[in-house]
1. Provide the net charge surrounding A:Val37, with neighbours chosen by a C-beta distance below 9 Å and charges set as Lys +1, Arg +1, Asp -1, Glu -1.
2. Can you tell me the orientation of helix B:110-123 relative to chain B, as the angle in degrees between its alpha-carbon axis and the longest Cα principal axis, to the nearest 10?
3. Angle check, please: helix B:72-81 long axis (alpha carbons) against the longest principal axis of chain B (alpha carbons), in degrees 0 to 90, nearest 10.
4. Considering the alpha-carbon set of segment A:29-74 alone, what are its Rg and its Dmax in angstrom?
5. Under 5 Å between amide hydrogens, which residues at least 5 positions from B:Ala90 or on another chain qualify, with H placed 1.01 Å from N in the peptide plane?
6. Cut-off is 10 Å between beta-carbons; in what order do B:Cys73, A:Cys92, A:Cys138, B:Cys103 appear when sorted fewest neighbours first?
7. In sequence order, what are the phi-derived ³J(HN,Hα) couplings for segment A:122-132 according to the Karplus relation 6.51 cos²θ - 1.76 cosθ + 1.60 with θ = phi - 60°, rounded to whole Hz, with x for glycine and proline?
8. If you take all C-alpha pairs in segment A:16-167, what percent of them are over 20 Å apart?
Amino acid sequence: MSFLLVRVDDRLLHGQVVFGWGGALRPGAYLIVDDRVAADAWERGLFEAAAPAGCRVEVRATEEFASGWQAWPEARRTIVLIGELAGLSRLCRGGFRPVGGIALGGLHARPGTVEVLRYLHLTLPEIADLIGLLDAGCELYAQDLPTARRHGPGALRALLAGAMASR
Amino acid sequence: MTGERRVPGVLVTHGRLGLELLRTAESILGPQPAMQVVSNSGKSPEGLQAEIEALLPPSGPVVVLVDLLGGSCGHACALVRRGRPDLLLAGGVNLPMLLEFLCHRGSASPGDLRERLLTRGRDGIRLLGWAEEEPA
């Protein structure tokens, strides 16, 4: 199954996504895959109300997306936004392998994180988990904007290993 | 303008936009107490929300001005607004709106202030040229 873009971003739907990626890819829908937002009607409503003109915003819990991604309607016009690495990890370990790979696009500084790239801050367990996903054949790459450099799976692995070794 | 009645404000923006907006307003109006600036730069959604919450008065009217609703700043502000009926969230802040807020937050009623922010922010946008009708 090929989506327009699959992106991991703790801010989910925001300016970089709507203006940066949305402007370049012209999606018909944004699909937010995030357990916390799916369980919170207020926050879900905020994202749905923030839908750009001509676009639909949908929210799904991780498990629901895990069982339906292979036959997702209009996948080729959909940008998938995953908010949490834990969710990504569960999806990938359950066989999530979208054509075109999965972009790590924005994970910001939190207590205990190290800076892997300016837009990619991870804890050591998260780094180990991502290396495990790469080992399992997940096509992960790092790229924040369409015009920015794309760090493919090999380069990403080197960045992750370097960040781990620096601690 | 009496200090006791001045409605506090929090300006939430991308990058250094808020800092420079306030600095510019202060160069026009002089120093502005009870005015806080928050940037989203490098912050997680939870971190940004916590920083805004920490700057709000525990109760009473407050105005949060944000550059873009539907972005990370606007989203954090909208989450902060939950359970705070005395918080007015003003999206799409520009210099005319900010100046209007700073000039009238000590005297206008909440309803009047709300109307002023909307009207001045919107009417501050005008296009001259390329136009079918241009004032003589």
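We did not get these values from a lab; they are worked out from the coordinates using the rules stated. All values reported here derive from a predicted model rather than from experimental measurement. Note: ideal-geometry Cβ built from the backbone for every residue, glycine included; neighbour counts use all protein chains shown.
1. My count for the surroundings of A:Val37 gives -2.
2. Once rounded, the angle reads 50 degrees.
3. Tilt of helix B:72-81: around 60 degrees.
4. Taking only Cα atoms of segment A:29-74, I get Rg and Dmax of 10.8, 29 Å.
5. Correct list: B:Val64, B:Leu65, B:Val66.
6. The most exposed by this proxy come first: B:Cys103, A:Cys138, A:Cys92, B:Cys73.
7. 9, 7, 4, x, 5, 4, 4, 5, 5, 4, x
8. Result: 51 percent of Cα pairs exceed 20 Å.
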